1. Of the residues in region 107-135, how many are in contact with a strand residue (DSSP E or B) (Cβ under 9 Å, 6 or more places away or on another chain), more than 20 Å from residue 87 (Cα to Cα) and charged (D, E, K, R)?
2. Given the conditions (1) over 30 Å from residue 8 (Cβ atoms); (2) more than 18 Å from the chain's Cα centre (by Cα); (3) at pLDDT 95 or above; (4) not basic (Lys, Arg), and given that residue 112 satisfies all but one, which numbered condition is not satisfied?
3. Could you tell me whether residue 100 is in a strand (DSSP E or B), at pLDDT below 95 and surrounded by 11 or more Cβ atoms within 10 Å (Cβ to Cβ)?
4. For the structure I just gave you, tell me whether residue 143 is open to solvent by 70 Å² or more (accessible area, probe 1.4 Å), among the acidic types (Asp, Glu) and either in a strand (DSSP E or B) or modelled with pLDDT of 95 or more (or both).
5. Output yes when any residue across region 72-83 is over 30 Å from residue 127 (Cβ atoms), charged (D, E, K, R), within 16 Å of the chain's Cα centre (by Cα) and open to solvent by 50 Å² or more (accessible area, probe 1.4 Å), and no when none is.
6. Could you check region 17-36 and list, in sequence order, the residues that are among the hydroxyl-bearing types (Ser, Thr, Tyr) and outside any strand (DSSP E or B)?
7. Which condition from (1) under 19 Å from residue 1 (Cβ atoms); (2) open to solvent by 40 Å² or more (accessible area, probe 1.4 Å); (3) small (Gly, Ala, Ser) is the one that residue 69 breaks?
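The values are calculated or read from the model by the stated rules, or taken from the named source; none is laboratory data. Owing to the predicted nature of the structure, the values given are computational and were not obtained by experimental measurement. Note: ideal-geometry Cβ built from the backbone for every residue, glycine included; neighbour counts use all protein chains shown. Side chains are part of the model used for accessible areas, which takes the heavy atoms of the whole protein and leaves out ligands, DNA and RNA. Shrake-Rupley method; radii C 1.70, N 1.55, O 1.52, S 1.80 Å.
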Amino acid sequence: PRMTVVNEVQDFLDFLGEDERLCVVKFYAKWCKSCQKFGVKFRHLALEEADKLDPVDGKMIEKGRVRFAEVEFTANAKLCRAMKIKRLPYVHFYKACAGRLTHFSCGPAKFQKVVDQMNEYLAMSDEEIIFAATMDEGQSLGDELATVLQEQHHNQGLENLNAESNL
């Protein structure tokens with residue numbers, strides 16, 4: 001299967017901008033045992049869904065439904081830190097029409113989550129993907145607003161208690 005190896009930020013950007021297909025990116029470390037087990041499953045998934053290459057000349061013989069890339073944490077520490085990768089293995093899903101769709105930490109025992117998420121996106125039109133991404137952004141914003149409001153309410157309660165105790 002075709003698996004893009006990201007060695008620098010430009011490789012990552014080139015990979016994402018290549019075409020409109022769904023992109024699945026694995027972040028891993030060579031020294032991580034969990035990442036190694038996850039990597040075996042990731043390669044099997046890529047064998048099923050990625051571009052098929054001629055073993056002799058490396059040219060594409062069949063276009064896959066999904067494009068796959070891998071980013072090694074140690075070799076790309078700045079990129080990984082900029083993307084807030086804190087646990088490994090970690091997976092990102094992208095589509096050109098909507099940018100990053102979702103991201104999550106995923107060990108080998110939960111690999112089915114990657115397969116299920118991929119199949120869910122493959123079953124959606126670009127319009128549905130854009131809508132889902134917009135709703136997810138709205139949910140994140142809503143969660144942030146709720147946290148701010150809770151903090152304000154808590155702080156107001158403390159101010160009221162202090163005012164009452166000074167009477």
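1. So the answer is 1.
2. (2)
3. Yes, satisfied.
4. no
5. yes
6. Matches in region 17-36: 34 only.
7. Every listed condition holds for residue 69 apart from (2).
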